[in-house]
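The values are calculated or read from the model by the stated rules, or taken from the named source; none is laboratory data. What you see is a predicted model, and the numbers here were worked out from it, not measured in a lab. Methodologically, a virtual Cβ is constructed for each residue, glycine included, from the backbone with ideal geometry; neighbour enumeration extends over all protein chains shown. Ligands, DNA and RNA are stripped out before the accessible areas are found, and what is left, the full protein with its side chains, is counted by its heavy atoms. Shrake-Rupley method; radii C 1.70, N 1.55, O 1.52, S 1.80 Å.
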Amino acid sequence: MKHHPAWLAAGLLVFVILACNLGKRANSNNGNGNANSTNSNPQASTDADLGSGLAIKEIHMAKDDGNGSPGEQTDTFETGDRTIHCVTTLKSAKSGTQMKFSWWIVDAEGTQNRKIKDIDYKTRALENIVHGHLTLPQDWPAGKYKVQVYVNGDIDKTVFYTVR
């Protein structure tokens, strides 16, 4: 019996498609795996919570420079720092990349694992540095926080910060 190369190619294509879909489903289902659980270590995260890291080259938190832009890089803020920035550098600059910054309270003054806000953004041509910022009208409650950054619908990186 002779094997036809077209059947072999079709079988390989089906295998690749199934493998990609299973991997994508596992990643998106676990994206908020810590959201409703409490841990003895409130900053503990699963790999799914941290993200794939496929699209973001670098991520950090920054204080506001007084003009609405990111200033000094830090992971510790004062309660009176009303505006906090999350700065990402993408591995490649593609127009139309969908970004989402998901801001969370990890553990702050009695509140645990609660989403504060999602901020969506779409990149422009040649834009590879993207930042999301969140401004509170009052002082931040002291505690631990995180920002989960999604790229094109998949969690890519998570960064933690502290307010004291």
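Pull out all pairs, ordered by first then second residue, where Cβ-Cβ is under 7 Å, the residues are six or more apart or on different chains, the first lies in the range 111-122 and is closer than 13 Å to CYS86 by Cα, and the second is assigned to a strand (DSSP E or B) and hydroxyl-bearing (Ser, Thr, Tyr).
ASP118/SER102
Is it fair to say GLY80 is more than 12 Å from the chain's Cα centre (by Cα), open to solvent by 40 Å² or more (accessible area, probe 1.4 Å) and closer than 17 Å to ASP64 by Cβ?
Taking the combined requirement at face value, the residue satisfies it.
Could you list, in sequence order, the residues of the range 129-164 that are over 17 Å from ASP75 (Cα atoms) and without any contact (Cβ under 8 Å) to a residue 60 or more places away in the chain?
ILE129, VAL130, LEU136, PRO137, GLN138
Here's the yes/no breakdown for (1) open to solvent by 80 Å² or more (accessible area, probe 1.4 Å); (2) closer than 30 Å to ALA125 by Cα; (3) at pLDDT below 95; (4) among the aliphatic types (A, V, I, L, M):
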site	(1), (2), (3), (4)
HIS3	yes, no, yes, no
ILE17	yes, yes, yes, yes
ALA44	no, no, yes, yes
HIS60	no, yes, no, no
ASP64	no, yes, no, no
GLY71	no, yes, no, no
LEU90	no, yes, no, yes
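Which of (1) over 17 Å from the mean Cα position of the chain (by Cα); (2) touching a residue at least 40 places away in the same chain (Cβ under 8 Å) is the odd one out, the single condition GLY71 does not satisfy?
Looking at each condition in turn, GLY71 falls short on (2).
Look through the range 84-140, keep the residues that are part of a strand (DSSP E or B), among the aliphatic types (A, V, I, L, M) and touching a Leu at 6+ places or on another chain (Cβ under 8 Å), and return whichever of them is nearest to TYR161 (Cα to Cα).
Ranking the qualifying residues of the range 84-140, first place goes to ILE84.
State yes or no: is TYR145 aromatic (Phe, Trp, Tyr) and open to solvent by 40 Å² or more (accessible area, probe 1.4 Å)?
No.
Criterion first (touching a Cys at 6+ places or on another chain (Cβ under 6 Å) and either aliphatic (A, V, I, L, M) or farther than 20 Å from ARG82 by Cα (or both)) does VAL147 satisfy it?
In short, yes.
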